[in-house]
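Single-structure report; data block below.
The values are calculated or read from the model by the stated rules, or taken from the named source; none is laboratory data. For clarity, every value in this text was computed on a predicted model and none was experimentally measured. FYI the Cβ positions are ideal-geometry reconstructions off the backbone, even for glycines, and counts take in every protein chain you see.
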Amino acid sequence: MKKFLDDNFLLQSKAAQRLYFDYAEGQPIYDYHCHLPPKDIAEDKNFRNLTEIWLAGDHYKWRVLRTAGIDEKLITGDASDYDKYLIWAKVVPLTLGNPIYHWTHLELRRPFGIKNTLFNEQTAVKIWHQVNEQLATPAFSTRGILTQMKVNTVGTTDDPIDSLEYHKQISLDTTFKTKVRPSWRPDKVFKIELPNFADYILQLGNVTNIEINSFEKLLFALTKRLDYFELHGCEASDHGIEILRYADIPTERKLNEILIKRLNNQEISELEIAQFSTAMLIWLGQQYHKRNWVMQLHLGALRNNNQRMFKILGPDAGFDSIGDRPIAEPLSALLGILDLTDQLPKTILYCLNPRDNEVLATMAGNFQGSGIAGKIQFGSGWWFNDQKDGMERQLMQLSQMGLLSQFIGMLTDSRSFLSFTRHEYFRRIVCNMVGHWMENGEIPADFNLVGTMISDICFNNANRYFSK
């Protein structure tokens, strides 16, 4: 019987072990999409305790706690940090079979060095004091953790009206080697159906000193903000799309009519929503192509399902799940229109429903080329799929329907500074899969050939893909 979480964790063959330790483990991390607060990095924050860095904002853990019947007061409520921590220690042993169990112990191992110790009620007090002592030191500040984890680049997620003041502050410090890049997240612009759309457009107008009363002025305001993001090192956009719509783009007069109706908080039809959304996404895609930015499309979440808790806690509190709307036809049309004029930017496609893995793997193949290796990427297992079998499914479909060798690898998509162990988890999984192929004679036992591919997937491909 193998020991839990030993050095060869998830590496089930000699080939897998050699691939991981010789070609994957030492690679830097290019975390091209996450939700880390740039303010914390700019100010080099030291967290008060393990609860603050480990449990606050982590809706994966919140969902587990709720499933175990824990009162919300001990999850997102006003209970003390220590009480929240102790209840987490009580619940973790109940998570066997859930990736949370693996992640919990990996996050204690790195960067805190806690090995050969199971996290539970009996070990919790000792771990609390041990980790809190480390968190008070410079080596375990936000920047210290990024440095320890060999994070080369971080892509944060930023609203078009964000000042990016903290990105500027970080970039001026030449002693800090991790690059922190803003990513443009324009969801509130193209989702005209949102209740607060008119308020948001007013804010956009205030930031840009433009009275936005036409579609043309909206594009003018967005262009100013795109230029501003470009000036501050942006190299990627990100779009969270719950409902992927496509409609033929109407005249500018019709787009003005749709916009003015919504600015006056009037109802618009489903067709008008699709027309506006399509026009915005195509225009944005053209702008990304012009700037050589990467476009990321996160498709298929069903958000804020629990309306009672949404009223209490708001969004991003752990009440989202997998949607099942069809995406193939509208996605094909959207990418196709951009490709028709050779204005399709480098694009990463993520699905939340694993049913759509093959859809995205084959869709990516429709629009490759233009002298860019892996121009259209089938993105890594996202959200509910960033666990072992979800990653394996994504990797297998990508390898069979595309080119695994051109894959840009893993990302954290996280708000936690402890989540970089997700890259280790991914690297062990991909090395185990490819090592299995080697052991079975399905690919050559050529470690130079295969190991180079592993290093590329872990870091080099992303580093090349996002370079401008």
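Taking segment 230-249 as the range and being out of contact with any Lys or Arg (no Cβ under 9 Å at 6 or more places or on another chain) and either part of a loop (DSSP other than H, G, I, E, B) or in contact (Cβ under 8 Å) with a residue 40 or more places away in the chain (or both) as the test, the residues that pass are Arg245, Tyr246, Ala247, Asp248, Ile249. For the condition in the same structural domain as Tyr32 (by TED's automatic domain parsing), at pLDDT 95 or above and either more than 27 Å from the chain's Cα centre (by Cα) or not hydrophobic (A, V, I, L, M, F, W, C) (or both), Leu202 qualifies. In the set Trp103, Trp128, which member is at pLDDT 95 or above, buried (at least 19 other Cβ atoms within 10 Å of the Cβ) and in contact with a helix residue (DSSP H, G or I) (Cβ under 9 Å, 6 or more places away or on another chain)? From the options Trp103, Trp128, the qualifying one is Trp103.
Please pick out the residue among Ala279, Ala301, Ala317, Ala274 that is in contact with a Pro (Cβ under 8 Å, 6 or more places away or on another chain), closer than 26 Å to Asn196 by Cβ, surrounded by 17 or more Cβ atoms within 10 Å (Cβ to Cβ) and of a type outside the set (Phe, Trp, Tyr).
Ala279
Scanning segment 343-401 for residues that are touching an Asp or Glu at 6+ places or on another chain (Cβ under 9 Å), touching a residue at least 40 places away in the same chain (Cβ under 8 Å) and of a type in the set (Gly, Ala, Ser) yields a single hit, Ser380. Filtering segment 68-100 to residues that are touching a helix residue (DSSP H, G or I) at 6+ places or on another chain (Cβ under 9 Å), in a loop (DSSP other than H, G, I, E, B) and within 24 Å of Phe420 (Cα to Cα) leaves Ile75, Thr76, Asn98.
Inside segment 116-130, residues that are touching a His at 6+ places or on another chain (Cβ under 9 Å) and not aromatic (Phe, Trp, Tyr) make up a count of 2.
Scanning segment 301-346 for residues that are in a loop (DSSP other than H, G, I, E, B), more than 24 Å from the chain's Cα centre (by Cα) and among the polar types (S, T, N, Q) returns Thr341, Gln343. His232 falls short on exactly one of the conditions (1) closer than 18 Å to Asp159 by Cα; (2) buried (at least 19 other Cβ atoms within 10 Å of the Cβ), and that condition is (2). Taken over segment 1-40, residues that are free of Cβ contacts under 8 Å to residues at least 12 places away in the same chain and touching a helix residue (DSSP H, G or I) at 6+ places or on another chain (Cβ under 7 Å) amount to 1. The C-beta contact set for segment 153-175 (first residue closer than 22 Å to Gly205 by Cα and not assigned by TED's automatic domain parsing to the domain that holds Thr412, second residue acidic (Asp, Glu) and surrounded by fewer than 23 Cβ atoms within 10 Å (Cβ to Cβ), distance under 9 angstrom, 6+ apart or interchain) is empty. Applying the criterion of being in contact with a strand residue (DSSP E or B) (Cβ under 9 Å, 6 or more places away or on another chain) and aromatic (Phe, Trp, Tyr) to the residues of segment 1-49, the residue that is surrounded by the most Cβ atoms within 10 Å (Cβ to Cβ) is Tyr32.
Selection of segment 383-413 for residues being farther than 24 Å from Tyr101 by Cα and either in a loop (DSSP other than H, G, I, E, B) or under 18 Å from the mean Cα position of the chain (by Cα) (or both) yields Gly402, Leu403, Phe407, Ile408. Tell me yes or no: at least one residue of segment 335-355 is at pLDDT 95 or above, among the small types (Gly, Ala, Ser) and in contact with a strand residue (DSSP E or B) (Cβ under 6 Å, 6 or more places away or on another chain). There is no residue in segment 335-355 that is at pLDDT 95 or above, among the small types (Gly, Ala, Ser) and in contact with a strand residue (DSSP E or B) (Cβ under 6 Å, 6 or more places away or on another chain).
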